[in-house]
Amino acid sequence: MTTFPPVPADLFRFTTTDQAELHTAVMRVFGVANECLQTVLTADDVQQRLRSVGWSEQVTDDELTASLTALRQWGLLDASQHRYGLTRFGEAAYAGIRQAVHTLTTEGALQTAVLDAIAAHLDELQKPLEDRQAFTTLTQLEGHLEAFKTGTTRFNADLQRLLRDDQADLATFQDVKRTTVTYLRDFIAELDARKLKIREAVQAIDSTELLERARNGAGLVPDHWLQQRKEHWNELKAWFCDNPPRVEELQDVSRKAIVQLLRVLDRISEQRKKPTNTAADFRALARWFARTETEDEAHELFNAAFGLWPARHAHLAHADGELLPSGEAWHNTPPVPVSPQLRATGKQEHIGATGKVRNVDEVRRNRREQAERERAELEYAWSQIQTDGAIRISTLTNLDHDTFHRLIDLVGRALGSDPDSTGTRTAGTSDGRMQINLRNARGWATMTTQKGTLSGPDYVIDVQSR
């Protein structure tokens, strides 16, 4: 079974409390100080530096002490003789919020310059270098590879969100057509030569020897350092040397994105077109008829509007249609044979008798009975789910599976809505019959029906009919 390193439960708890903004500002004070190699601060130092990290409100000594105490209780700060410093968990928490803000405020990009930098560092690693130079060059190569991976992932995510956005206006997609589509085409055109150059360079380097030289040049390194370098080198090979390399998947995604962008643009353009108004067309035609002066003009307008010319059997074609020019007048073309059946009955072919209309009374009765059964089942389900007040989900027992399914559907609708100021989420059924009020609760609930067991948070719910 694949496992991941556990994350402490209180690592980011400071971002979810009522004083989350103050806690975050205090953590930023310690993080900035740590970057300046100042590992310990007093409460007065924190008070003086809050404004420098963007906190503009006045903080009392009691509020600051409470914040420092809470951060210490969560294991993010340690204290000795009224001097505070970040713990290892605190450093991880500060790095986490910095990364989160960076991800939310930056956009991805496909940069050929990063590929050029990767190729340049690989060329450098093929030369006879000292151990320290091998270490620094390998570190720079890994940095550029990480930048390429991060930029590609974010760009693809932003692009897919853009493709799913049906509410974008036409002007936005016109700008996308001018910039993003051209940008993707240029990137794809330039990628082929670069990926081949990088692949040849990777295959020409003995990774075992390179990593050993880099390890010697690194000096004091942890035991897992060499394993991390091997993983990064394998990632580089996966992107450019595997069969197929991951960079080709990037090319496929970019090509598909170009097509999808153009299709979305066409679809939005069609949606923006003015729909045909039949009533307005007929009113305009009526005005034209009113302006005709003679009956012949009216007949000509009628024929032009509806195409009901005298019978010419236009559906019958000459045996060799290529002999006749497409623009030739019909009265100048040779006649075609007409079926005697058409002369006698007005129909070209014999058509059998019309089938009997079947009796649908039985079908109607069955559908009516089915609808009545479904309505009775629905009424029974709502009566089982409806509560006299706020209760926990775990108190609802002995529910049949269909009733339980409707309850879970209501809970899902509530979880998809925004909470109000009290933390209550409200949702209703599509027919407006039932309404649920849901609040978070501690604990875990396990509910069993005929088809299995479901475990989940023990929410507090209140289900009422409107």
Check: Which condition number does HIS350 fail, the rest of (1) open to solvent by 100 Å² or more (accessible area, probe 1.4 Å); (2) modelled with pLDDT of 65 or more being met?
Finding: (2)
Checklist line | Residue that is farthest from the chain's Cα centre (by Cα), among those in the range 371-390 that are in contact (Cβ under 8 Å) with a residue 60 or more places away in the chain, open to solvent by less than 50 Å² (accessible area, probe 1.4 Å) and closer than 16 Å to PHE404 by Cα | finding: THR387
Item checked: the range 59-90 - residue that is of a type outside the set (S, T, N, Q) and part of a loop (DSSP other than H, G, I, E, B) and, of those, nearest to ASP10 (Cα to Cα) -> TRP74
Next item on the list: Would you tally the residues in the range 259-300 being surrounded by 12 or more Cβ atoms within 10 Å (Cβ to Cβ), closer than 30 Å to ILE188 by Cβ and at pLDDT 70 or above?
Entry: 1
Next item on the list: With the condition kept exactly as written, say whether any residue in the range 91-107 is modelled with pLDDT under 80, outside any helix (DSSP H, G or I) and either surrounded by fewer than 17 Cβ atoms within 10 Å (Cβ to Cβ) or not charged (D, E, K, R) (or both).
Entry: yes
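Identify all residues within the range 383-438 that are among the acidic types (Asp, Glu) and in a helix (DSSP H, G or I); write none if there are none.
ASP402, ASP409
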Next item on the list: Mind listing just one residue for me: the one in the range 20-56 that is open to solvent by less than 100 Å² (accessible area, probe 1.4 Å) and in a loop (DSSP other than H, G, I, E, B) and, of those, nearest to ALA79 (Cα to Cα)?
Entry: VAL40
Note to self: Given the condition at pLDDT 70 or above and touching a helix residue (DSSP H, G or I) at 6+ places or on another chain (Cβ under 7 Å), answer yes or no: does some residue in the range 305-321 qualify?
What the structure shows: yes
Checklist line | Residue list for the range 227-256, restricted to those being in a helix (DSSP H, G or I), at pLDDT below 80 and either of a type outside the set (Val, Ile, Thr) or within 20 Å of ASP116 (Cα to Cα) (or both) | finding: TRP239, ARG246, VAL247, GLU248, GLU249, LEU250, GLN251, ASP252, SER254, ARG255, LYS256
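Out of ASP165, ASP186, ASP158, I need the residue that is acidic (Asp, Glu), at pLDDT below 70, closer than 23 Å to LEU115 by Cβ and open to solvent by less than 70 Å² (accessible area, probe 1.4 Å). Which one?
ASP158 is the lone residue from the list that is acidic (Asp, Glu), at pLDDT below 70, closer than 23 Å to LEU115 by Cβ and open to solvent by less than 70 Å² (accessible area, probe 1.4 Å).
The values are calculated or read from the model by the stated rules, or taken from the named source; none is laboratory data. Predicted model, so just to flag it, every value in this text is computed and none were measured. Positions of Cβ are generated from backbone atoms using ideal geometry, with glycine treated the same way; all protein chains shown enter the neighbour counts. Just so you know, the surface numbers come from the protein's heavy atoms only, side chains and all, with ligands and any DNA or RNA stripped out. Shrake-Rupley method; radii C 1.70, N 1.55, O 1.52, S 1.80 Å.
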